[in-house]
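*Asks:* I'd like to ask you about the structure that follows.
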Amino acid sequence: MDINQLSEIVKKKILKNEFIESVELEDKSFLHKKHNTNNPNKFHIKLKIKSKPLKNMSRIEANKIIFKLLDEELKNYIHSLQILFI
């Protein structure tokens, strides 16, 4: 899977929820390129999620919701995930 395919899947899964207005995905995989354990098939992504309900929750609870939505992708394609709620 490449980053474009992963991006589409992630956005679709997150945007299925009516309480999420928008999502932006940024590939930050370059931050891991020189690491000994770098796997070119796993990505470091940054998500900017616009959602009033998630922004008003505790960060831990909001992250749990996103991690649950992306369970399969986290296990197979995502090495690192940054989440910003706006």
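The values are calculated or read from the model by the stated rules, or taken from the named source; none is laboratory data. Because the structure is predicted, anything quoted here is derived from the model rather than measured. Ideal geometry is used to build each Cβ from the backbone, glycine not excepted, and the neighbour counts take in all protein chains shown.
*Asks:* Tell me, yes or no, whether the stretch 27-39 has at least one residue that is at pLDDT 95 or above and in a loop (DSSP other than H, G, I, E, B).
*Replies:* No: zero hits.
*Asks:* If Ile60 passes every condition in (1) modelled with pLDDT of 95 or more; (2) more than 11 Å from Phe85 (Cβ to Cβ); (3) surrounded by 11 or more Cβ atoms within 10 Å (Cβ to Cβ); (4) among the hydrophobic types (A, V, I, L, M, F, W, C) but one, which one does it miss?
*Replies:* The one condition Ile60 does not meet is (3).
*Asks:* Scan the stretch 1-21 for residues that are of a type outside the set (D, E, K, R) and touching a helix residue (DSSP H, G or I) at 6+ places or on another chain (Cβ under 9 Å) and jot them down. Outline the logic, then answer.
*Replies:* So in the stretch 1-21, the residues of a type outside the set (D, E, K, R) come out as 1, 3-7, 9-10, 14-15, 17, 19-20.
Once the filter is applied, which keeps residues that are of a type outside the set (D, E, K, R) and touching a helix residue (DSSP H, G or I) at 6+ places or on another chain (Cβ under 9 Å), the stretch 1-21 yields Met1, Ile3, Leu6, Ile9, Val10, Ile14, Asn17, Phe19, Ile20.
*Asks:* Only one of Ile65, Ile83 is modelled with pLDDT of 95 or more and in a strand (DSSP E or B); which? Walk me through how you get there before you give the answer.
*Replies:* On the way: Ile65 fails: in a strand (DSSP E or B).
That would be Ile83, the only listed residue that is modelled with pLDDT of 95 or more and in a strand (DSSP E or B).
*Asks:* Now for a separate question. Residues in the stretch 51-60 that are assigned to a helix (DSSP H, G or I) and within 15 Å of the chain's Cα centre (by Cα): how many? Before the answer, list the steps.
*Replies:* If we filter the stretch 51-60 for residues that are assigned to a helix (DSSP H, G or I), which is where we start, we get 52-56, 59-60.
Okay, now just the ones that are also within 15 Å of the chain's Cα centre (by Cα), so 54, 59-60.
The total comes to 3.
*Asks:* Further question on the same structure: Within the stretch 68-86, which residues are in contact with a strand residue (DSSP E or B) (Cβ under 8 Å, 6 or more places away or on another chain) and hydrophobic (A, V, I, L, M, F, W, C)?
*Replies:* Step one: list which residues in the stretch 68-86 are in contact with a strand residue (DSSP E or B) (Cβ under 8 Å, 6 or more places away or on another chain), which gives 70, 74, 77-86.
Passing the criteria: Leu70, Leu74, Ile78, Leu81, Ile83, Leu84, Phe85, Ile86.
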